[in-house]
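Asker: Dropping a structure here in structure tokens format, bear with me for questions.
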Amino acid sequence: MNFTILPKIELHCHLDGSVRPETIIDIAKREGISLPSFDKEIIKEELIAPLDCDSLDEYLKRFSIPNLVMQSKENLKRISFELFEDAAKENVKYMEVRFAPLLHTRKGLTVEEIIQSVIEGMREAEEEFDIKGNIILSCMRTMSVESAFEVVEKGKAFLGKGVVAIDLCASEEEGFCGKFIEPIALAREYGYKVTIHAGETGIGKNVLEAVEWLGAERIGHGVFIKDCEEAYQIVKEKQVVLELCPTSNVQTKAVNQFSDHPIYDFHKDGIKVTVNTDNRTVSDTTMTKECDIVSNEFAMSAEDYKQIYMNSVKASFADEATKEKLMGNLMDI
Ligand SMILES: O=c1[nH]cnc2c1ncn2[C@H]1C[C@H](O)[C@@H](CO)O1
Ligand SMILES: [Zn+2]
């Protein structure tokens, strides 16, 4: 299968992990922001987590440089536009982009200005390219419960206007879901959909709790349900969708190598899997590359890919008209 030309859907992509290195250098030069280097190859080395990276916490260190240049309305809009442009150019037809608004307030932007800027970039790209998008607001698990309430409250006005869901991200500790029950319940009450990063660092039980306590309809990664029978069963029975990201999963050591990835076993056992990049820059990847990896490692057939494409459409937080249009692309696979 030639994945460059095949239609693709991406449900799990972080804005700050997907900034073009050229854009970081360009903004930093114009705004006098200091960087370790202005040489693209050197900056790429700082941004890209190697495949032999040790852990999620090591991987997360790569996000400090991009966030230096994501502190103004213009820059956020540009970075959002460019991400949708990059995806459209490899035939991603629909993409949900997530980011943590509270990481972009360092130079005085309000949460509302931050969200609005990212939506504007997405809308401009939708006008120019054959792609549709939606935004997921991430709350940092490393921040307070109050900060999660703040994101939920301030993002509410954008529901139905580009924002569709809430997420919890960053370093993963055992039992983190318990701390965030209230803000996530409030988000559900307001009409946010819920996807939660869980089961990425060895703790399958976090997936069970994300589903039972937080009402997660989708799970970011969820690799470690493989070692937790209760989590595995609830994901399978409730058809909770896993947003898997093969390269990122090797980098964070959710798996040691691609051939150890459980994606294909999950798929064959009736679990709803999807393929995603997580972070195009930090993971040095694209949707085409991620699909190629799954295809090469596990001899994925066209029928398998059709099923995965359908899983992504059905699990997306898009409106019904968009979903119907995306289903129409199945004929091209
Ligand atoms: O794979 C991930 N797991 C947990 N947190 C992540 C992952 N990729 C990115 N993040 C964090 C770092 C970013 O600064 C934040 C918001 O996009 O989300
Ligand atoms: Zn992620």
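The values are calculated or read from the model by the stated rules, or taken from the named source; none is laboratory data. Keep in mind it's a predicted model, so treat the numbers as computed, not measured. No Cβ is skipped: glycine too gets one built from the backbone with ideal geometry, and neighbour counts run over all protein chains shown.
Asker: Against the condition within 16 Å of ligand 1 (Cβ to nearest atom) and in a loop (DSSP other than H, G, I, E, B), how does Thr281 come out, does it pass?
Answerer: It is true that Thr281 is within 16 Å of ligand 1 (Cβ to nearest atom) and in a loop (DSSP other than H, G, I, E, B).
Asker: Let me ask you something else. Which of the residues that make up the range 217-245 are within 12 Å of ligand 1 (Cβ to nearest atom) and in contact with a Lys or Arg (Cβ under 9 Å, 6 or more places away or on another chain)?
Answerer: Result: Gly220, Glu243.
Let's see how each residue does on (1) in a loop (DSSP other than H, G, I, E, B); (2) farther than 29 Å from Lys325 by Cβ; (3) among the aliphatic types (A, V, I, L, M):
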residue: Ala49; (1), (2), (3): yes, yes, yes
residue: Asp54; (1), (2), (3): yes, yes, no
residue: Lys77; (1), (2), (3): no, no, no
residue: Phe84; (1), (2), (3): no, no, no
residue: Ala87; (1), (2), (3): no, no, yes
residue: Arg106; (1), (2), (3): yes, yes, no
residue: Glu113; (1), (2), (3): no, yes, no
residue: Glu124; (1), (2), (3): no, no, no
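Asker: Evaluate the range 94-111: report whether one residue or more is within 18 Å of Phe63 (Cα to Cα), in contact (Cβ under 8 Å) with a residue 12 or more places away in the chain and of a type in the set (Asp, Glu).
Answerer: no
Asker: For the range 1-44, give me each residue that is among the polar types (S, T, N, Q) and within 16 Å of ligand 2 (Cβ to nearest atom).
Answerer: If the condition is that a residue be among the polar types (S, T, N, Q) and within 16 Å of ligand 2 (Cβ to nearest atom), then Ser18 is the only one that fits.
Asker: Moving on. From the list Ala254, Ala299, Ala315, Ala231, which one is out of contact with any helix residue (DSSP H, G or I) (no Cβ under 7 Å at 6 or more places or on another chain), of a type in the set (A, V, I, L, M, F, W, C) and modelled with pLDDT of 95 or more?
Answerer: Testing whether each residue is out of contact with any helix residue (DSSP H, G or I) (no Cβ under 7 Å at 6 or more places or on another chain), of a type in the set (A, V, I, L, M, F, W, C) and modelled with pLDDT of 95 or more leaves just Ala315.
Asker: Within the range 215-239, can you find the residues that are aliphatic (A, V, I, L, M) and either more than 16 Å from ligand 2 (Cβ to nearest atom) or free of Cβ contacts under 8 Å to residues at least 24 places away in the same chain (or both)?
Answerer: Ile225, Ala231, Ile234, Val235
Asker: Now for a separate question. Assess whether Gln71 counts as being out of contact with any Phe, Trp or Tyr (no Cβ under 8 Å at 6 or more places or on another chain), farther than 15 Å from His12 by Cα and not hydrophobic (A, V, I, L, M, F, W, C). Full working, then the answer.
Answerer: Details: out of contact with any Phe, Trp or Tyr (no Cβ under 8 Å at 6 or more places or on another chain): yes; farther than 15 Å from His12 by Cα: yes; not hydrophobic (A, V, I, L, M, F, W, C): yes.
Criteria met by Gln71.
Asker: Quick check: is even one residue across the range 58-71 out of contact with any strand residue (DSSP E or B) (no Cβ under 7 Å at 6 or more places or on another chain), of a type in the set (Gly, Ala, Ser) and within 16 Å of ligand 2 (Cβ to nearest atom)?
Answerer: Checked the range 58-71: no residue is out of contact with any strand residue (DSSP E or B) (no Cβ under 7 Å at 6 or more places or on another chain), of a type in the set (Gly, Ala, Ser) and within 16 Å of ligand 2 (Cβ to nearest atom).
Asker: Same structure, new question: Out of Ile184, Ile196, Ile166, report the one residue that is aliphatic (A, V, I, L, M) and outside any strand (DSSP E or B).
Answerer: Sole residue among the options that is aliphatic (A, V, I, L, M) and outside any strand (DSSP E or B): Ile184.
Asker: Residue check, Asp130 against (1) touching a residue at least 40 places away in the same chain (Cβ under 8 Å); (2) more than 16 Å from ligand 1 (Cβ to nearest atom); (3) closer than 24 Å to Glu172 by Cβ; (4) of a type outside the set (A, V, I, L, M), all met but one. Which one?
Answerer: Going through the list (1) touching a residue at least 40 places away in the same chain (Cβ under 8 Å); (2) more than 16 Å from ligand 1 (Cβ to nearest atom); (3) closer than 24 Å to Glu172 by Cβ; (4) of a type outside the set (A, V, I, L, M), Asp130 breaks only (3).
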